[in-house]
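Report on the following structure.
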Amino acid sequence: MPLQNRGCRHQNGDRRSNTEAEAPVIEVERAVTLDHPLADVVPFLAAFSNTETWDPGTVTCRRIGEGEPVVGSEWHNVSKFRGRRTELRYRLIHHDARHLTFVGRNKTVTSTDDMRFEEDGGRARLVYRARLDFNGLARLAQPLLKREFERLADEVSEQLPRAVDRALRAPETEGRHPR
């Protein structure tokens with residue numbers, strides 16, 4: 001009788017193989033309410049070059065190609081983290097009126113930025129989840145980096161509402177958006 005890999009059940013109920021369960025991963029999640037309609041917020045965030053305005057780790061983010069962001073669009077992102085620069089090539093892999101997903105890759109990490117939106121009385125509620133899957137020797141640093149990524153996620157949740165306010169020409173609320 002062949003052996004079966006039954007995997008394990010994680011906190012969120014997902015079933016993953018034992019190999020996946022042991023993979024060094026960091027996930028952070030934040031929710032913010034933005035004082036703008038969903039129809040305005042999603043296009044702003046779909047233009048991933050705008051991460052320069054709301055992600056404190058992003059140094060530059062340049063679109064590869066032209067046109068409106070669609071599934072398959074790509075960006076070259078340069079970020080600085082703990083004093084080191086890293087470059088990732090991001091691709092938009094999911095785009096609809098309530099959900100965006102970008103995946104960035106280089107030799108040491110795969111970064112997934114998942115944004116889910118809800119309409120909330122004429123405002124957009126955003127749940128932003130970032131997941132980092134480390135490769136090679138970078139896998140060993142994962143336990144040491146979790147706290148830094150939590151801090152970075154806190155900064156994003158402060159800066160993103162102000163960046164959206166500036167871009168959509170509304171008075172800044174100084175980060176006082178209800179969460």
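Inside the stretch 80-110, can you point out the residues that are part of a strand (DSSP E or B), closer than 19 Å to ALA47 by Cβ and in contact (Cβ under 8 Å) with a residue 24 or more places away in the chain? Answer for the stretch 80-110, where residues must be part of a strand (DSSP E or B), closer than 19 Å to ALA47 by Cβ and in contact (Cβ under 8 Å) with a residue 24 or more places away in the chain: ARG89, TYR90, LEU92, HIS95, LEU100, PHE102, GLY104.
Taking the criterion of being at pLDDT below 95 and open to solvent by less than 30 Å² (accessible area, probe 1.4 Å), the residues of the stretch 18-37 that qualify are PRO24, ILE26, VAL28. The residues of the stretch 34-74 that are assigned to a strand (DSSP E or B), closer than 15 Å to PHE102 by Cβ and either in contact with a Leu (Cβ under 8 Å, 6 or more places away or on another chain) or of a type in the set (A, V, I, L, M) (or both), listed by number, are ILE64, GLU74. On the stretch given as the stretch 79-128, residues that are farther than 21 Å from ARG162 by Cα, of a type in the set (A, V, I, L, M) and surrounded by 13 or more Cβ atoms within 10 Å (Cβ to Cβ) total 5.
The values are calculated or read from the model by the stated rules, or taken from the named source; none is laboratory data. A quick note: this is a predicted structure, and the numbers were derived from the prediction, not measured. Cβ atoms come from the backbone with ideal geometry, glycine included; neighbour counts cover every protein chain shown. Just so you know, the surface numbers come from the protein's heavy atoms only, side chains and all, with ligands and any DNA or RNA stripped out. Shrake-Rupley method; radii C 1.70, N 1.55, O 1.52, S 1.80 Å.
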